[in-house]
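What follows is a short report on a single structure.
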Amino acid sequence: MKALLKKNKIFMLSAAGILALLICSVVYSHCQIPCGIYDDNMRFNMMAENIVTIEKSMKMINEISGRPKSDMNQLVRWVQNKEDHTEQLSHTITYYFMSQRLAPVDDKSSPDYEKYITSLTLLHKMLVMTMKSKQCTDLSVVNQLNGLLGEYKKLYFQQQGTEHKH
């Protein structure tokens, strides 16, 4: 009886591990394979939504922290919410735009080289501002993020016309 329970436990743990790997590969592998299913506008909208959520979280953290008797549970939830959305924003910048959508240009004399450097610089600045938004509740960081997102979006779609080619 003990041997059967032990085998069932091992089987269940193995099945759970395999299921977890399958779920993770489905969630994260989409833009890591050349499937051609991309929606750049959606990514920009998601990034803008992340920034709005970061801003709301900062405002709520500041509000709750300023109360004479703070609700620590709510404070922790808003901090975690801000952390989650900064991570999502960083992930999209890094793994979608920098890794998938921005092709390196090695030839410094190429007309595309300056566009590449400008795009890379804007994305890097966004990552730095995303990091800073994790470290503080300064709304000027959110304003800078919004400005950088707008600049990058304009540049991104200008490079290939109205829709970026896949």
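Observations
- Odd one out for Ser25, checked against (1) within 22 Å of Val142 (Cβ to Cβ); (2) at pLDDT below 95; (3) of a type outside the set (A, V, I, L, M, F, W, C): (1)
- Which numbered condition Thr137 fails, given (1) within 16 Å of Met47 (Cβ to Cβ); (2) outside any helix (DSSP H, G or I): (1)
- Pairs, first touching a residue at least 24 places away in the same chain (Cβ under 8 Å) in region 99-110, second among the basic types (Lys, Arg) and part of a helix (DSSP H, G or I), C-beta under 9 Å, six or more apart: Arg101/Arg43
- Residues being surrounded by 12 or more Cβ atoms within 10 Å (Cβ to Cβ) and more than 15 Å from the chain's Cα centre (by Cα) - total across region 35-54: 1
- In region 138-166, the residues that are of a type outside the set (A, V, I, L, M, F, W, C) reach residues that are modelled with pLDDT under 90 with C-beta atoms within less than 6 angstrom, at least six apart or across chains, in these pairs: His166/Gly36; His166/Tyr38.
- Of all residues making up region 66-78, the number that are surrounded by fewer than 18 Cβ atoms within 10 Å (Cβ to Cβ) and touching a residue at least 12 places away in the same chain (Cβ under 8 Å): 2
- Evaluation of Val128 against the conditions (1) more than 20 Å from the chain's Cα centre (by Cα); (2) surrounded by fewer than 16 Cβ atoms within 10 Å (Cβ to Cβ); (3) in a helix (DSSP H, G or I) shows that the sole unmet condition is (1).
- Pairs with Cβ under 7 Å, 6+ apart, first in region 44-57 and touching a residue at least 60 places away in the same chain (Cβ under 8 Å), second hydroxyl-bearing (Ser, Thr, Tyr) and crowded, with 16+ Cβ neighbours inside 10 Å: Met47/Thr92; Ile54/Thr86; Ile54/Ser133
- Among the residues listed as Leu123, Leu89, the single one being touching a Phe, Trp or Tyr at 6+ places or on another chain (Cβ under 7 Å) and either assigned to a helix (DSSP H, G or I) or touching a residue at least 60 places away in the same chain (Cβ under 8 Å) (or both): Leu123
The values are calculated or read from the model by the stated rules, or taken from the named source; none is laboratory data. A quick note: this is a predicted structure, and the numbers were derived from the prediction, not measured. As a convention, Cβ positions derive from the backbone with ideal geometry for all residues, glycine included, and neighbour counts pool all protein chains shown.
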